[in-house]
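Asker: Sharing a structure here in structure tokens format.
The values are calculated or read from the model by the stated rules, or taken from the named source; none is laboratory data. Nothing here was measured: the structure is a model prediction, and the numbers come from that model. Ideal geometry is used to build each Cβ from the backbone, glycine not excepted, and the neighbour counts take in all protein chains shown. Protein only, heavy atoms only, side chains kept; ligands, DNA and RNA dropped before computing areas. Shrake-Rupley method; radii C 1.70, N 1.55, O 1.52, S 1.80 Å.
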Amino acid sequence: MNPIAFDNSYARLPPRFYAEVAPTPVAAPRLIRLNEPLASRLGLDPDWLKGPEGIAMLAGNGMLAGAASIATAYAGHQFGGFSPQLGDGRAILLGEIIDQDGKRYDLQLKGAGPTPFSRRGDGRAALGPVLREYIVSEAMAALGIPTTRALAAVLTGEAVRRETLLPGAVLTRVASSHIRIGTFQFFAARGDVEALRLLADHVISRHYPACSGEGRYLALLEAVVATQAALIAQWMTIGFIHGVMNTDNMSIAGETIDYGPCAFMDAYHPTTVFSSIDEHGRYAYANQPPIARWNLTRFAETLLPLLDADIDKAVPIAQAALDRFDPQFQVHLIAGFRRKLGLATEEAEDVELIRSLLEAMQQGEADFTLVFRRLSEEAAQDSADACRSLFSDPAVFEAWEGRWCQRLLRETASAETRRGAMLKVNPLFIPRNHLVEAAIEAAVERGDFGPFEVLIDVLARPFEAQPGRENYARPPEMHERVLATFCGT
Ligand code: AMP
Ligand code: MG
């Protein structure tokens, strides 16, 4: 019996949507880690996946009957400049599976060898970026943020050349789909309206079935705007910086995708940038909402011919849909920060309360994650000493804290209830850069996957205190700070 029942809806689209290509076998596949809970949720057999046939599939050494084996075509704006042809240069879609709840997922190998879209690339992935994506995407999932997932990581037994020779690896990525804004741009750039219509209909039936029927392309645009507004607000409330918000890295389904030089902020500062390739801070923390709207504008442009045959009529329709991004984003953001501050009721001045806390954190160089965590822990106490100590100038915090306490007097919930609610939304553990780098270094330099395994385990329960693991919650010491992250592609 075939261990995986594929049903490949994307491969049933016309041939110009993809290239058929088989993964290039590797020398000596070795499983680093299988995400067993995820495998089970997807209805896959963990024991089979861990066995020789399973590992061969995860390494690209053996294809199952029914697999699609395609590299998808897409375009994209990278740092503002348009490339009409990018495509999966080192990723191969094995196919789609349907989980127990009837939800469809892509299984994709990242680093599986060259494809017709590889250009000058080798189609491979180095171990470091594979582990980074595994760690951060799984942490995001545990934090409750829509994201692609990591099903497995395998070593290839081959070296890849970057600046130096590095161990090669393949990541098996699970996503609701790998359709990006850039997928639409690929066809728009070619004036291929028929393909755009097929793609839009595919996306509607797959991701936004409620949009079906008359007026569906406008409904699709509005739905994608809404999911992105919700997603970016979640990033902002957790201190996540994607790092490469190019239009080819924006999922139409609204999942966080393509973990390159992504990072979480330690000390709060709106201009924080980690990515070594982001010289001008285009994708800095505070720029993420306007960049998302910019990307959505590129998406809307691709839909114009579907919105109305008369472009002069289509433009204002698209504009009105895009104009909904800012207010929707604000609503999600304020709701998210209200929850973080334990506010179950809504007052107009809350916005100012949130803004002034962020300003105090910026001034006091306070750790974003720990401020909210300690506010939660101390929410049922009279003192906020532990939180205060996070600020270089405690006076800034004290002034703010007085206002917060006044505000809490107008809440109806008990302090204990509030504490419980806050602890559920303010994580103790995030994938801090210095921890991620240390786990990667141990694996790459010494073949020691212990720190990676422990980190994965800690981050699987980000909201729970884990005795003995306090060290994973603390911000980096001065000498541990990671100032730049690399995508390593
Ligand atoms: P990314 O920065 O990962 O979003 O990738 C941007 C584009 O470069 C995509 O088309 C990738 O498929 C392609 N790419 C990245 N790394 C490689 C590689 N090692 N070999 C071939 N193509 C690559
Ligand atoms: Mg990408």
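Asker: Got a sec? Which of Leu93, Leu49, Leu64 is buried (at least 21 other Cβ atoms within 10 Å of the Cβ), over 17 Å from Arg16 (Cβ atoms) and not small (Gly, Ala, Ser)? Break it down stepwise before answering.
Answerer: Numbers: Leu93 fails: over 17 Å from Arg16 (Cβ atoms); Leu64 fails: buried (at least 21 other Cβ atoms within 10 Å of the Cβ).
Every option except Leu49 fails the conditions.
Asker: One residue is enough: does the stretch 84-104 have a residue meeting the conditions more than 15 Å from ligand 2 (Cβ to nearest atom) and within 18 Å of Ala189 (Cα to Cα)?
Answerer: Yes, there is a match, as at least one residue in the stretch 84-104 is more than 15 Å from ligand 2 (Cβ to nearest atom) and within 18 Å of Ala189 (Cα to Cα).
Asker: Read through the list (1) modelled with pLDDT under 95; (2) crowded, with 22+ Cβ neighbours inside 10 Å, then give the number of the only condition that Gly76 fails.
Answerer: Only one criterion in (1) modelled with pLDDT under 95; (2) crowded, with 22+ Cβ neighbours inside 10 Å is unmet by Gly76, namely (1).
Asker: State which residue is nearest to Arg355 (Cα to Cα) when the search covers only the stretch 233-272 and only residues that are touching a strand residue (DSSP E or B) at 6+ places or on another chain (Cβ under 9 Å), among the hydrophobic types (A, V, I, L, M, F, W, C) and within 16 Å of ligand 1 (Cβ to nearest atom). Can you show your working first?
Answerer: Restricting attention to the stretch 233-272, the residues satisfying the condition of being touching a strand residue (DSSP E or B) at 6+ places or on another chain (Cβ under 9 Å) are 234-235, 238-244, 246-253, 255-268, 272.
Keeping just the survivors that are among the hydrophobic types (A, V, I, L, M, F, W, C) gives 235, 238, 240-241, 244, 250, 252-253, 257, 262-265, 267.
So of that shortlist, the ones also within 16 Å of ligand 1 (Cβ to nearest atom) come out as 241, 244, 250, 252, 257, 262-263.
Working: Ile241: 19, Val244: 26, Met250: 28, Ile252: 30, Ile257: 29, Cys262: 24, Ala263: 22 Å.
Among those that are touching a strand residue (DSSP E or B) at 6+ places or on another chain (Cβ under 9 Å), among the hydrophobic types (A, V, I, L, M, F, W, C) and within 16 Å of ligand 1 (Cβ to nearest atom), it is Ile241.
Asker: Only one of these is farther than 19 Å from Lys340 by Cα, free of Cβ contacts under 8 Å to residues at least 40 places away in the same chain and of a type in the set (Asp, Glu): Glu437, Glu401, Glu416, Glu445. Name it.
Answerer: Glu445
Asker: Only one of Asp278, Asp258, Asp201 is part of a loop (DSSP other than H, G, I, E, B) and closer than 26 Å to Arg16 by Cα; which?
Answerer: Working: Asp278 fails: closer than 26 Å to Arg16 by Cα; Asp201 fails: part of a loop (DSSP other than H, G, I, E, B).
Of Asp278, Asp258, Asp201, the one residue that is part of a loop (DSSP other than H, G, I, E, B) and closer than 26 Å to Arg16 by Cα is Asp258.
Asker: Could you please tell me which pairs satisfy a Cβ distance under 8 Å, a separation of 6+ or placement on different chains, a first residue in the stretch 135-150 that is free of Cβ contacts under 8 Å to residues at least 60 places away in the same chain and assigned by TED's automatic domain parsing to the domain that holds Ala59, and a second residue that is of a type in the set (D, E, K, R) and not in a helix (DSSP H, G or I)?
Answerer: Every condition considered, the pairs that remain are Ala141/Arg149.
Asker: Does Ala219 satisfy the criteria of being closer than 15 Å to Ile291 by Cα, of a type in the set (A, V, I, L, M) and more than 16 Å from ligand 2 (Cβ to nearest atom)? Walk me through how you get there before you give the answer.
Answerer: Working: closer than 15 Å to Ile291 by Cα: no; of a type in the set (A, V, I, L, M): yes; more than 16 Å from ligand 2 (Cβ to nearest atom): yes.
No.
Asker: Please specify each residue of the stretch 448-489 satisfying the condition of being away from ligand 2 (no atom under 16 Å from the Cβ), outside any loop (DSSP other than H, G, I, E, B) and in contact with a Phe, Trp or Tyr (Cβ under 9 Å, 6 or more places away or on another chain).
Answerer: Initial filter on the stretch 448-489 (away from ligand 2 (no atom under 16 Å from the Cβ)): 448-484.
The next check asks that each one be outside any loop (DSSP other than H, G, I, E, B); those that pass are 450-459, 470-472, 478-480.
Matches in the stretch 448-489: Phe452, Val454, Leu455, Ile456, Val458, Leu459, Tyr472.
Asker: Of the conditions (1) in contact with a helix residue (DSSP H, G or I) (Cβ under 9 Å, 6 or more places away or on another chain); (2) within 16 Å of ligand 2 (Cβ to nearest atom); (3) open to solvent by 10 Å² or more (accessible area, probe 1.4 Å), Val244 fails just one. Which one is it?
Answerer: (1)
Asker: Only one of Ala253, Ala286, Ala230 is farther than 21 Å from Gly80 by Cα, away from ligand 2 (no atom under 16 Å from the Cβ) and open to solvent by 20 Å² or more (accessible area, probe 1.4 Å). Can you tell me which?
Answerer: Working: Ala253 fails: away from ligand 2 (no atom under 16 Å from the Cβ); Ala286 fails: farther than 21 Å from Gly80 by Cα.
Ala230 is the lone residue from the list that is farther than 21 Å from Gly80 by Cα, away from ligand 2 (no atom under 16 Å from the Cβ) and open to solvent by 20 Å² or more (accessible area, probe 1.4 Å).
Asker: Okay, moving on. Could you tell me whether Asp106 is of a type in the set (Asp, Glu), modelled with pLDDT of 95 or more and in contact with a His (Cβ under 6 Å, 6 or more places away or on another chain)? Don't jump to the end; show me each part of the working.
Answerer: Details: of a type in the set (Asp, Glu): yes; modelled with pLDDT of 95 or more: yes; in contact with a His (Cβ under 6 Å, 6 or more places away or on another chain): yes.
For Asp106, the condition - of a type in the set (Asp, Glu), modelled with pLDDT of 95 or more and in contact with a His (Cβ under 6 Å, 6 or more places away or on another chain) - is met.
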